[in-house]
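Scroll down for the structure; my scribbles are underneath it.
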Amino acid sequence: MNAVRIGDWTLTALDDGGFRLDGGAMYGIVPRALWQRFSAPDALNRIAMRARPLLARGPAGTVLIEAGLGDAGDDVFTERFAVDRPRGLVEALAAEGVAPDAVDHVVLSHIHWDHAGGLVSRRGDALVPTFPNAQHHVQRRTWEAAFDRDGPRAASYHPERLEPIANADRLTLVDGDCTVLPGIEMRLAGGHCEAHAVVLVRSAGETAAFLGDLVPLASHMRPLWVMGYDMWPMQTIADRRALLEEAERERWVLALYHDPEHAFGRVGRDKRGEFAFVPEG
Ligand SMILES: [Zn+2]
């Protein structure tokens, strides 16, 4: 199922294509003998990932949460990450009847290349905002990290695909937990990068949480299964546990960005009593 209703909002999981990342990096200290039951590695030890931006349509407008991989890939990049993108985000939006200039707001959990690549599109030699009328909401500390070329995760950012948003005066930098629009909130969660945020959609007593890289794949519902990519793994463990407890208690819908199988689900428990992802629908 690719759509759910949360009160007055309709949430649609869009598909911006598949790619592959190293399984060891995605599962950190978890032994391969355990994770390979959930993510089968290829000959290069890479596992399947997807990019699923979330379209939220409701009383405060048309909102896009995350922007996908984008069209940045040269051949080396496309091969290294096995990018498989027969139909990109703009086409996925068109299938929902949404033109790029009809997107009112873009909200980003963070701005690593696999989440923010689609913010701009190539026009001739220039990179221009893909969503020219949208206001883009980004945490200030993740924005600053993206432009720190000596930073420890500089390779994860493509600042040339961010700059046009600021140049077009379409950027709103926010600090910490905030209400972006009526019904759309950002909440800092996890140690993936500076100021990683989950995005909450709330309406009529219902809540959906777009988890970004706090829980990238359904298998990462286990609090201790933390990515090697995370800068502050202990923060991820603590925040993931707290957020999933709240989501379980309040029956939130969860939206996953990277899982190749599941876009929406809820918090369940496995037979050992640990958190498990229960697909919705
Ligand atoms: Zn990611």
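Apart from one condition, Gly124 fits all of (1) open to solvent by less than 60 Å² (accessible area, probe 1.4 Å); (2) at pLDDT below 95; the exception is (1). In this structure, Ser203 qualifies as open to solvent by less than 40 Å² (accessible area, probe 1.4 Å) and either over 18 Å from Val30 (Cβ atoms) or more than 16 Å from the chain's Cα centre (by Cα) (or both). Counting just the residues of the stretch 254-281 that are among the aliphatic types (A, V, I, L, M) and either at pLDDT below 95 or open to solvent by less than 50 Å² (accessible area, probe 1.4 Å) (or both), which one comes out nearest to Gly205 (Cα to Cα)? By that ranking, first place goes to Leu254. Of all residues in the stretch 158-173, one or more are surrounded by fewer than 18 Cβ atoms within 10 Å (Cβ to Cβ) and small (Gly, Ala, Ser).
Would a scan of the stretch 33-44 turn up a residue that is assigned to a strand (DSSP E or B), out of contact with any His (no Cβ under 8 Å at 6 or more places or on another chain), touching a residue at least 60 places away in the same chain (Cβ under 8 Å) and closer than 21 Å to Arg85 by Cβ? If you could, list the steps in order and put the result at the bottom.
Filtering the stretch 33-44 for residues assigned to a strand (DSSP E or B) gives none.
There is no residue in the stretch 33-44 that is assigned to a strand (DSSP E or B), out of contact with any His (no Cβ under 8 Å at 6 or more places or on another chain), touching a residue at least 60 places away in the same chain (Cβ under 8 Å) and closer than 21 Å to Arg85 by Cβ.
So that you can scan it fast, the table gives a plain yes or no per residue for (1) among the β-branched types (Val, Ile, Thr); (2) farther than 22 Å from Thr12 by Cβ:
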site	(1), (2)
Arg153	no, yes
Tyr157	no, yes
Ile165	yes, yes
Ala197	no, no
Val201	yes, no
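Of the helices (runs of 4 or more DSSP H) contained entirely in the stretch 87-181, not one carries at least 2 residues that are in contact (Cβ under 8 Å) with a residue 12 or more places away in the chain, away from the ligand (no atom under 16 Å from the Cβ) and of a type in the set (Gly, Ala, Ser). Residue count for the stretch 210-253 satisfying the condition of being closer than 22 Å to Ala56 by Cβ and either more than 16 Å from the ligand (Cβ to nearest atom) or open to solvent by 30 Å² or more (accessible area, probe 1.4 Å) (or both): 8.
Residue count for the stretch 67-82 under the criterion of being part of a loop (DSSP other than H, G, I, E, B) and surrounded by fewer than 21 Cβ atoms within 10 Å (Cβ to Cβ): the result is 6.
The values are calculated or read from the model by the stated rules, or taken from the named source; none is laboratory data. It should be emphasised that the depicted structure is a prediction, and the values quoted were computed from it without experimental measurement. With ideal geometry, Cβ positions are generated from the backbone for all residues, glycine too; neighbour counts draw on all protein chains shown. Side chains are part of the model used for accessible areas, which takes the heavy atoms of the whole protein and leaves out ligands, DNA and RNA. Shrake-Rupley method; radii C 1.70, N 1.55, O 1.52, S 1.80 Å.
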